[in-house]
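Read through the structure below, which is laid out as structure tokens, and then see the notes.
The values are calculated or read from the model by the stated rules, or taken from the named source; none is laboratory data. Computed from a predicted structure; not experimentally measured. For neighbour counting, all protein chains shown are included, and Cβ atoms are generated from backbone atoms with ideal geometry for every residue, glycine included. Only protein heavy atoms, including side chains, enter the accessible area calculation; ligands, DNA and RNA are left aside. Shrake-Rupley method; radii C 1.70, N 1.55, O 1.52, S 1.80 Å.
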Amino acid sequence: MDDRSRALDAAHRGAVEFLRTLDERPVWPRASLDDMLGVFGGPLPEEGDDPASVIEQLAAGADPGLVAIPGGRFFGFVIGGTLPAALAADWLVSAWDQNSGSAMLTPTTVALERVAGRWMLELFRLPDSASVGFVTGGQVANFTCLAAARHAVLARAGWDLAERGLRSSPAVRFVVGADRHGSIDRAARFLGVGRAEITVVDADDQGRMLPVALERTLERGEGPLIVCLQAGEVHTGAFDDFAALIPIAHRNGAWVHVDGAFGLWAAASESLRPLTVGMEQADSWATDAHKTLNVPYDCGMAIVRDPADSIAAFRTGGDYLVYSGLDPWDVTPELSRRARGVPAWAALRSLGRSGVATLLDRLHANAVAMAEGLRAIPGVEVINDVDYTQVMLRLGGDEATRALGAAILAEGTAVFTGAEWRGRAALRCSMSSWATTPDDIERTVAAVRALAAA
Ligand SMILES: *Cc1c(COP(=O)(O)O)cnc(C)c1O
């Protein structure tokens with residue numbers, strides 16, 4: 001075998017070995033950052049090494065510091081596993097090494113991303129003429145959509161941002177909900193919108209923006225306006241009431257953006273779709289494939305209703321660049337880029353429409369089962385409505401809740417992560433992995449029960 005084949009063979013062995021041990025290993029890593037710096041650190045060796053041997057060292061050395069994220073009992077943050085077809089497709093993407101900015105250079109990968117994008121629009125019930133830009137994740141999808149939004153609302157106000165810049169432009173009002181995801185503020189910062197320039201609208205106990213509060217806020221101002229709504233609050237999983245909110249925002253001339261990193265997928269399931277009613281009236285939507293669709297990191301999608309708005313914000317110049325219609329570099333901030341939409345194509349192709357719906361229904365059913373199991377533990381309180389994939393819990397006061405969180409990580413059966421909700425400590429349990437089984441939930445509840453008693 002040549003070097004490439006031997007190195008790939010070593011990677012295959014290492015990957016299969018890691019996946020085989022997922023069910024047995026503690027979910028939280030046993031090694032610290034310093035441990036791992038010790039394993040891999042030191043000065044850059046003067047001499048190189050055999051590629052296959054490098055991969056063997058990598059796989060063996062990495063193991064103690066790896067988190068069992070692709071297993072069935074990682075419930076931290078909002079993080080998906082990896083479907084088999086998506087994982088294998090990701091390997092092919094690396095082997096092909098296609099620089100996928102334009103169809104002119106890489107027709108196969110651009111076609112696959114375009115098809116994956118169309119399939120997603122169908123699943124999300126969004127207009128099939130929208131542009132879908134594959135970016136690294138929800139954060140960059142929010143940034144990408146909001147960059148297009150800002151360009152568009154300024155253009156409507158007679159200001160050409162590409163030509164005249166931001167310094168003297170009309171101020172853009174940037175309106176968000178009290179429980180928006182932090183990546184919205186961060187996207188605003190990247191766009192030159194300061195914290196003090198963001199208007200925050202009150203939310204209800206689950207984190208949903210209050211329509212009366214939005215109405216009141218919008219009455220009080222004028223000028224270019226962007227309103228950010230949310231599908232899937234990161235603690236509670238709650239969805240804004242799009243059918244009520246979007247018409248209010250549009251009456252006031254707003255561009256409406258929906259952050260639906262993991263929530264947009266609810267539209268793919270008949271039973272969960274009611275959460276998304278009215279969502280299709282927005283102007284842009286950010287989501288990702290690495291959480292709910294279970295493709296490997298990283299893969300996000302920036303969806304913009306009118307592709308002309310994406311192009312206005314992102315189309316690139318350069319005398320050596322040839323245009324072939326709607327290219328990835330027309331709708332994302334990237335130029336050279338990985339074909340990260342290909343694993344999403346493979347995930348969708350392997351599941352089919354019914355498989356995506358079944359996945360969503362299972363994540364929801366798992367969340368409901370987890371909440372039921374947790375509620376039955378003496379002292380444990382589930383503090384959100386489990387309408388989607390998120391479960392939030394407390395054990396007594398803040399101190400006991402935090403201690404339970406630390407004990408869960410140390411014990412190793414599962415991972416929950418901590419948060420603060422309405423000023424109180426909480427633990428979050430997110431159902432995002434295709435790999436979670438009823439047995440995983442039983443084992444997790446049993447472990448939490450024992451730790452809570454202790
Ligand atoms: C995870 C998340 C994001 C950020 O997405 P990344 O893929 O981590 O960049 C944005 N919004 C919400 C609601 C999220 O849950």
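Projecting label points 7 angstrom from Cα along Cα→Cβ for HIS12 and THR199 puts them 5.9 nm apart.
The calculated FRET efficiency for the pair MET36 and ARG375, based on their C-beta separation and a Förster distance of 51 Å, comes to about 0.85. Between SER354 and HIS250, the modelled labels are 3.5 nm apart [label points 7 Å from Cα along Cα→Cβ].
Just subtract the alpha-carbon distance of ARG216 and ARG164 from 0.36 nm times their residue separation and send over the number in nm, one decimal.
Numbers: separation 52, 0.36 × 52 = 18.72 nm, distance 3.24 nm.
Full extension of this stretch gives 15.5 nm more.
In the stretch 205-352, the ratio of gyration radius to Kirkwood radius, Rg to Rh, stands at 1.01 when only Cα atoms are counted. Applying the Kirkwood pairwise sum to the alpha-carbon positions of the stretch 89-346 produces a hydrodynamic radius of 18.4 angstrom.
Normalising by the residue count of the chain, find the relative contact order in percent from Cα pairs under 8 Å and 6+ residues apart. Let's see the in-between values first.
Values: 895 pairs, mean separation 102.5, N = 454.
Answer for the chain is 23 percent.
In the chain, helices alone account for a calculated mean residue ellipticity at 222 nm of -14000 deg cm²/dmol, with every DSSP H run of four or more residues adding -39,500 (n - 2.57). Here the chain has 55 percent of its accessible surface on carbon and sulfur atoms, given a 1.4 Å probe and all protein chains in place. What FRET efficiency do you get for VAL277 and ARG315 if R0 is 22 Å and r is their Cβ-Cβ distance, rounded to the nearest 0.05? Taking R0 as 22 Å, the efficiency between VAL277 and ARG315 is 0.05.
Subtract the Cα-Cα distance of SER94 and ARG402 from 0.36 nm times their separation in residues, and report this length gain in nm to one decimal. Each step should come with its number before you reach the end.
Numbers: separation 308, 0.36 × 308 = 110.88 nm, distance 4.09 nm.
Contour length minus Cα-Cα distance gives 106.8 nm.
Tell me, what is the per residue accessible area of the chain in Å², probe radius 1.4 Å? Present the calculation step by step, with values, prior to reporting the outcome.
On the way: 19820 Å² over 454 residues.
Value for the chain: 44 Å² per residue.
Peptides 350-358, 146-154, 128-136 ranked from most to least packed give 146-154, 128-136, 350-358, packing being the mean of other C-beta atoms within 10 angstrom over each peptide's residues.
Of the beta bridges DSSP finds with both residues in the stretch 89-346, what % are antiparallel, to the nearest 5? Antiparallel: roughly 45 percent of the beta bridges in the stretch 89-346.
For MET104 and ARG20, the FRET efficiency from 1/(1 + (r/R0)^6), where r spans their Cβ atoms and R0 equals 60 Å, is about 0.90.
Obtain the radius of gyration and the Kirkwood radius of the stretch 354-453 from its C-alpha atoms and give Rg over Rh. Mind dumping the intermediate values first?
Values: Rg = 13.1 Å, Rh = 13.6 Å.
Rounded to two decimals, Rg/Rh equals 0.96.
Overall, the ratio between the Cα radius of gyration of the chain and 2.2 N^0.38 Å, rounded to two decimals, is 1.02.
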